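Okay, structure first, notes after.
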Amino acid sequence: MSWGIEGLYGQPHLHFAAVDSTNEVAKRLLMRAPEGPGATVTADYQWAGRGRGSRRWHSARGMGLWLSCSFLLGGCHPGHLALVAGAAVAECLRRRGVPAAVKWPNDVLVNGKKLAGVLGEVIRPGGKQWVVLGIGVNLNQVRDDFPAELWGRATSLKMETGRWWDPHQLAGQLLRHLEQWLLRARREPGEALRWWKGLCPWWGQTIRAHTPLGALTGRAVDVDAEGRLVVDTGSGMVALSSGEVSIGYPCDEVGDWR
Ligand code: BT5
């Protein structure tokens with residue numbers, strides 16, 4: 001079946017049966033052609049799908065949308081990229097009746113479980129600032145298609161809606177939402193952040209954040225102009241620029257990541 005997508009802003013779309021990681025393929029393409037125009041890369045399977053840092057992204061064969069696209073950063077704040085991409089995924093799904101929510105910084109959850117994740121990387125081939133934005137959306141897995149450590153924590157559109165989802169159709173719809181969100185983030189960043197906040201239902205709730213500087217507990221109160229999560233710890237406000245957030249602390253900390 002044809003994908004029927006032009007790729008972000010009309011750039012070429014390349015589909016592979018299997019790759020290490022669509023982000024790595026998009027980066028290698030950019031290294032070869034740093035003048036652009038960038039590419040949208042999809043694959044049926046990733047044998048080394050990546051999350052942030054050294055984390056892995058489980059990419060079951062033919063069961064998800066594993067997509068990366070590269071584009072010039074333009075006027076977009078790097079701290080807004082993952083937020084904007086997560087919002088585009090959540091909005092696209094909400095338009096299709098799925099109650100998706102965003103969780104800072106890069107998750108899309110449905111009913112408290114992780115449905116999609118975003119990996120944004122900024123690189124500088126040819127002296128220009130390029131973004132390689134990876135989006136993974138679980139489409140048609142059932143529980144046993146995930147490794148056991150993700151049971152109860154990961155979900156797919158099929159598990160949530162009971163029906164099969166077409167990756168070709170979703171990719172086109174998702175890229176259209178992404179284009180709109182990127183435009184918004186460049187022209188009206190404050191507005192884009194306000195919209196992102198509206199897709200996040202956890203304001204005022206107690207969270208536990210694991211950051212490179214250690215763990216802290218507090219109430220999530222805002223995202224600031226840099227895209228940082230502002231947490232009220234009771235003894236002051238802290239703005240987090242990276243980390244992992246658990247919601248509803250106190251909770252079973254090990255493995256709790258909602
Ligand atoms: C992310 O990282 O959530 C970013 C995921 C980005 C994946 C896309 S797929 C296309 C492109 N090519 C790539 O190689 N990557 C991108 P992070 O926030 O670090 O979350 C990673 C964690 O999510 C893991 O440590 C697991 O706990 C969990 N996880 C792994 N695979 C999952 C899956 N399929 N569904 C839900 N959770 C998963």
Anything in region 95-110 that is farther than 15 Å from Val245 by Cα and of a type outside the set (Lys, Arg)? List them, or say none. Gly97, Val98, Pro99, Ala100, Val110
Could you list, in sequence order, the residues of region 141-172 that are of a type in the set (A, V, I, L, M, F, W, C) and near the ligand (Cβ under 9 Å from one of its atoms)? Phe146, Leu150, Ala154
Considering region 41-55, residues that are surrounded by fewer than 16 Cβ atoms within 10 Å (Cβ to Cβ) and within 6 Å of the ligand (Cβ to nearest atom), and then whichever is nearest to Cys69 (Cα to Cα), we arrive at Gly51
Within region 99-110, of all residues that are more than 10 Å from the ligand (Cβ to nearest atom) and among the hydrophobic types (A, V, I, L, M, F, W, C), the one farthest from Pro78 (Cα to Cα) is Val110
For the list (1) crowded, with 16+ Cβ neighbours inside 10 Å; (2) within 23 Å of Arg186 (Cα to Cα); (3) not β-branched (Val, Ile, Thr), I need the number of the one condition that Pro34 fails. (1)
Going through (1) modelled with pLDDT of 95 or more; (2) open to solvent by less than 10 Å² (accessible area, probe 1.4 Å) one by one, Leu73 fails only at (1)
Looking only at region 78-110, and only at residues there that are in contact with an Asp or Glu (Cβ under 7 Å, 6 or more places away or on another chain) and within 21 Å of Val230 (Cβ to Cβ), the one that is surrounded by the most Cβ atoms within 10 Å (Cβ to Cβ): Gly86
Index of the failed condition, Lys27 passing every other in (1) away from the ligand (no atom under 13 Å from the Cβ); (2) open to solvent by 20 Å² or more (accessible area, probe 1.4 Å): (1)
If I filter region 111-140 down to residues being charged (D, E, K, R) and not in a loop (DSSP other than H, G, I, E, B), which single residue comes out as farthest from the ligand (Cβ to nearest atom)? Glu121
Which ones in region 201-234 are surrounded by 15 or more Cβ atoms within 10 Å (Cβ to Cβ), assigned to a loop (DSSP other than H, G, I, E, B) and modelled with pLDDT under 95? Trp202
May I ask you to list the residues in region 111-123 that are over 19 Å from Ile247 (Cβ atoms) and buried (at least 23 other Cβ atoms within 10 Å of the Cβ)? Leu119, Gly120
Is it true that Leu133 is at pLDDT 95 or above and touching a Pro at 6+ places or on another chain (Cβ under 7 Å)? no
Give the residue that is nearest to Gly126 (Cα to Cα), with candidates limited to residues of region 7-24 that are away from the ligand (no atom under 15 Å from the Cβ) and either in contact with a Cys (Cβ under 9 Å, 6 or more places away or on another chain) or touching a residue at least 60 places away in the same chain (Cβ under 8 Å) (or both). Gln11
Would you confirm whether any residue within region 141-152 is within 19 Å of the chain's Cα centre (by Cα), touching a residue at least 24 places away in the same chain (Cβ under 8 Å) and not in a helix (DSSP H, G or I)? yes
Could you list, in sequence order, the residues of region 124-165 that are over 26 Å from Ile247 (Cα atoms) and open to solvent by 30 Å² or more (accessible area, probe 1.4 Å)? Arg124, Gly126, Gly127, Lys128, Gln129, Gly162, Arg163, Trp164
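The values are calculated or read from the model by the stated rules, or taken from the named source; none is laboratory data. Not measured: the values here are computed from a predicted model. All Cβ positions, glycine included, derive from the backbone under ideal geometry; neighbour counts span all protein chains shown. Heavy atoms of the whole protein, side chains included, go into the accessibility calculation; ligands, DNA and RNA do not. Shrake-Rupley method; radii C 1.70, N 1.55, O 1.52, S 1.80 Å.
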